[in-house]
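K.L.:
Let me begin by handing over the structure; questions about it come next.
Just so it is clear, none of the values below were taken in a lab; they were calculated from the coordinates. On a predicted model such as this, the values are computed, not experimentally measured, just so you know. As a convention, Cβ positions derive from the backbone with ideal geometry for all residues, glycine included, and neighbour counts pool all protein chains shown.
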Amino acid sequence: MSPWSEFVTAHAEGGVLDGVVARVLPFGAFVEVADGIEGLLVTNPVPAAGTRLPVRIESIDVERRRFSLVKA
């Protein structure tokens, strides 16, 4: 089973995870919540790369292999 499939099987919308900001963008950041699994956190202000923070899964798009996060 792929890491993505394992992640989607183990987690659902509304779930809270501990993540680390991997990449910062002008409108948000990609947060790594599992090894090689990153979700988009749209927030302002944008946390610095390397910041550890709790996040909640807002939505999962299985077909596009994406998920969005909000601060928990």
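K.L.:
Report the residue, chosen from GLY14, GLY36, GLY28, that carries the largest GNM mean-square fluctuation when the chain is represented by alpha-carbon nodes joined by springs under 10 Å.
P.N.:
GLY36
K.L.:
Of all GluC sites (Glu not before Pro) in the chain, which ones are in loop regions per DSSP and have a Cβ with at most 16 other Cβ atoms within 10 Å?
P.N.:
Passing sites in the chain are GLU13, GLU63.
K.L.:
Report, in debye and to the nearest 20, how large the dipole of the chain comes out about its Cα centre when Lys and Arg carry +1 and Asp and Glu carry -1 on their Cβ.
P.N.:
220
K.L.:
Only Cα pairs within less than 10 Å get springs; with that Gaussian network setup on the chain, which residue of VAL24, VAL46, VAL62 has the largest fluctuation?
P.N.:
VAL62
K.L.:
For the chain, what's the relative contact order in percent, using C-alpha pairs closer than 8 Å and at least 6 residues apart?
P.N.:
32 percent.
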